[in-house]
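J.: Have a look at the structure that comes next, please.
The values are calculated or read from the model by the stated rules, or taken from the named source; none is laboratory data. Quick caveat, the model's predicted, so the values are computed rather than measured. Using ideal geometry, Cβ is built from the backbone for each residue, glycine included, and neighbour counts are taken over all protein chains shown.
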Amino acid sequence: MLTLILLIIALVLALVLVIIISVWVSKVRRKAKNILREGFGTEDLEEAFRKSKLEASQTPRTVSDIASLKLPYISRDFPDFNYAEMKSKAENVALTYMRAIDEENAGLLSEGNSELRTKLDNHIGQNKANGRKEHFKELKAHKTGMSEYRTEKGRCVIVFRTSYQAKHYVENENGKLLSGEKDFFEQSVAETELIYIQDRMIAENDLDGSLSLVCPNCGAPITNLGQKFCEYCGTAVQELNIKVWSFSNVKLNDR
C-alpha cells in the first residue's frame, strides 16, 4: 500500500512538472512568435531568418567623409586639385576593378598605375590557376568619401572608401558554388588609394619606412622606385610616375 501511495505521488508530481514545463514552453513560444511577428511580420522562424538576411543584404555600409576637414590642407598643397573629379574617379576605379575580376579582363581598368594593374592581373591569374571564377554581379556604388589624407617623406596619399553592393560569389570551373551568395547582395566597402610621388630620391630613401611599396605578386619589398622587376620573384614592376596623381591600390571587402 505504501509503495502504491508513493508511486501515485511520484506520478502526480511528474504530471505537475510536465504541466509547468508545458505552460512555460507555451509562454516562450508565444513570446517568440510575438517578437517575430512585430520584428519581421511573420511567426515562422525560417521566414523571419530569410527576411532578416534580405534586410541585411539591402542595407548599405556607412562610410565617413573627412573632405571638409582635409580639403583646406590639400588645396594648400595642391591648388589645382579637383576633389569632386578625383572622388568620382576613385569610385569608378573600385567598381571597374571588380568588374574586371568578374569578366577576367584586366584591360577594363584604364585608370591606375602599373602597381595597381599588376595586382589586378595577378588576382585574375590566381583565380584562373585555382580553377575559380569570382563574380561581382549587379554591382552598384552607394557612397564614396575621403577617409584619409597624409603627407609622408616624398609622397602624399589620399584614401577613398566606397560603400557598394554586389552579388559576390565564387564558383569552380563546373559552376559549383564555393562561397558567397547568388540570391543576396553583399554590402561591403572598397578602399582606393591615390598617391602622389613628390620626390623620388626622398621616397626611395624612405622605402623601409612610411612608403613601404611591395611587389604586387609576392609581397617582397621594392627597394627602388625605378625598379623594373621584383628581386625575389621576377614579376615586372614598372617605375612609378613622380609629380602625378595615380591610383595605386584597391582593397576589397575591408581586406
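J.: In the stretch 87-142, which residues are within 25 Å of residue 62 (Cβ to Cβ) and among the hydroxyl-bearing types (Ser, Thr, Tyr)?
T.: Result: 88, 96, 97.
J.: Does at least one position in the stretch 78-93 carry a residue that is farther than 20 Å from residue 143 by Cα and of a type in the set (A, V, I, L, M)?
T.: Scanning the stretch 78-93, I find no residue that is farther than 20 Å from residue 143 by Cα and of a type in the set (A, V, I, L, M), so the answer is no.
J.: When residues of the stretch 64-104 are filtered for being among the β-branched types (Val, Ile, Thr) and touching a Gly at 6+ places or on another chain (Cβ under 8 Å), how many remain?
T.: Counting residues in the stretch 64-104 that are among the β-branched types (Val, Ile, Thr) and touching a Gly at 6+ places or on another chain (Cβ under 8 Å) gives 2.
J.: Let me ask you something else. Within the stretch 118-194, considering only strands (runs of 3 or more DSSP E) that don't extend past its boundaries, which have at least 3 residues that are closer than 30 Å to residue 67 by Cβ?
T.: Fully inside the stretch 118-194 and qualifying: 132-152, 155-172.
J.: Quick one: in the stretch 167-189, of everything that is within 19 Å of residue 104 (Cα to Cα) and among the small types (Gly, Ala, Ser), which residue is surrounded by the fewest Cβ atoms within 10 Å (Cβ to Cβ)?
T.: Filtering first and then ranking leaves 175.
J.: Test of understanding: among 94, 56, 32, which residue is assigned to a helix (DSSP H, G or I) and at pLDDT 70 or above?
T.: Only one candidate passes the filter, namely 94.
J.: With the checklist (1) modelled with pLDDT of 95 or more; (2) polar (S, T, N, Q); (3) surrounded by fewer than 18 Cβ atoms within 10 Å (Cβ to Cβ) in hand, flag the one item residue 162 doesn't pass.
T.: All conditions are met except number (3).
J.: Can you name the residue in the stretch 83-137 that is of a type in the set (Phe, Trp, Tyr) and under 20 Å from the mean Cα position of the chain (by Cα) and, of all such residues, is surrounded by the fewest Cβ atoms within 10 Å (Cβ to Cβ)?
T.: So, considering only residues that are of a type in the set (Phe, Trp, Tyr) and under 20 Å from the mean Cα position of the chain (by Cα), the one surrounded by the fewest Cβ atoms within 10 Å (Cβ to Cβ) is 136.
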